[in-house]
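*Asks:* Starting off with a structure, shown below.
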Amino acid sequence: MELDRIDMLLKKYDAAETSLEEEKELQDYFDSEAVDARHRPYKIMFSFSAFNRKETSGEILQLKPEKRKTKLRPQSWMYAAAMIALIFSIFFFQNKDSELNSENMGQLSQEEITYRKTKQTLQMISNLMNEGKQDLKYLKEFSNPTEKIINNK
């Protein structure tokens, strides 16, 4: 009965489902001399963990709390200066050509006029190409009877 319980505890231990009391029971079993032959591979593992529990350090470590410095590093000032320079450059060097004032209100720029003319020209070419495509259907209808006449001769 005892070996069956140990087998069950070992299965739970392998699945990481044991409680601390069950692990203590396994540790006591493997510390004793009455370990069954089929459990001997586990004895090495449990004896190693028992050895590690007994291991201690002779020194007492004194940890000193580290004081936090409140000084700002020079790099943080450089980051702030770079951000301010970026904001000012965006504000002062923005594109002045696109501003609307009373002088050019309602007038189109040369680029806008060129864009609209190009768009209109391409639309006309597209319409002409589509009309030409429809005319090809009639041409195909005309060529079918012609091919029949040529093939019958």
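*Asks:* How do the pairs read when you match residues in the range 32-48 that are closer than 15 Å to TYR13 by Cβ with residues anywhere that are part of a loop (DSSP other than H, G, I, E, B) and modelled with pLDDT of 80 or more, using Cβ under 8 Å and keeping only pairs 6 or more apart or on different chains?
*Replies:* So the pair list comes out as LYS43/VAL35.
*Asks:* Scan the range 7-57 for residues that are of a type in the set (Val, Ile, Thr), at pLDDT below 85 and surrounded by 11 or more Cβ atoms within 10 Å (Cβ to Cβ) and report the count. Can you show your working first?
*Replies:* Residues of the range 7-57 that are of a type in the set (Val, Ile, Thr), as a first pass: 18, 35, 44, 56.
Retained after the next criterion (residues that are at pLDDT below 85): 35, 44, 56.
Adding the requirement that they be surrounded by 11 or more Cβ atoms within 10 Å (Cβ to Cβ) leaves 35.
Here the count works out to 1.
The values are calculated or read from the model by the stated rules, or taken from the named source; none is laboratory data. On a predicted model such as this, the values are computed, not experimentally measured, just so you know. Every residue, glycine among them, receives a Cβ derived from its backbone with ideal geometry; neighbour counts consider all protein chains shown.
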